[in-house]
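Input: a single structure, listed below in structure tokens.
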Amino acid sequence: MTATISRLYNSYADAKEAVRNLEASGVSHNDISIIASNADDWYSSDQKEQGAYPDRDLDGKDDRAEAAGAGAGVGAAVGGTAGLLAGLGLLAIPGVGPVVAAGWLVSTLAGAAAGGVAGSIVGALTQAGVSKEDADIYAEGLRRGGAVVSARVPDADASRLQAIMDRSAVNVRERAAAYRQTGWQSFNSNEGPYTADQVRKERELYMRR
């Protein structure tokens, strides 16, 4: 039997740390997914700075972005590449905006992007085993510049791996309370994504010291 564990993080950097810790603990990258806000275009900038990306068809374009644009699984274009983070690609999610994603959850995300999974990112997350209450908070966290990691793990290892994921994760109850103090009730895809400036200010509120 397996369990699915999901956690919300303040940023891609925190989520990346969780992914690497999971992989180092023996979780296959095939069983891990990551979704991270790209509202401030960090992914594009990062790729330009590194000057490297997979280009198997030699057309001068990032295969991961091409796969996402074609509606394919983001990681499909880089199958066989070691590590989940090598398979990152771009998607646009209603209400959340641009995200960078990889892993088994991508096909469900693609349905959400097309309005096919309960019409929203919340539907995609609940299909992945997140409760409706937490899915609303995770989706709002993504909208505000955060990231979500989900892992499929053996039941026997769940407690140990939850502790690993918790190291840099958001306290969801505290975050929900902070959101509600500003009048927030639940995720609403009609509100539109945060701008880069709004994301920056939001991260300043919650980033770990």
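Rule-based calculations on the coordinates, nothing more; no lab input. Small disclaimer: the values here were computed from a predicted structure and weren't measured. Quick reminder, even Gly has a Cβ in these numbers, built from the backbone with ideal geometry, and neighbours come from all protein chains shown.
At a Förster radius of 30 Å, what calculated FRET efficiency corresponds to the Cβ-Cβ distance of ASP197 and ALA177, to the nearest 0.05?
Values: r = 25 Å, r/R0 = 0.82.
In this case the efficiency is close to 0.75.
Provide the three semi-axes, in whole Å and in decreasing order, of the ellipsoid equivalent to the range 131-190 as defined by the square roots of 5 times the Cα gyration tensor eigenvalues.
25, 12, 10
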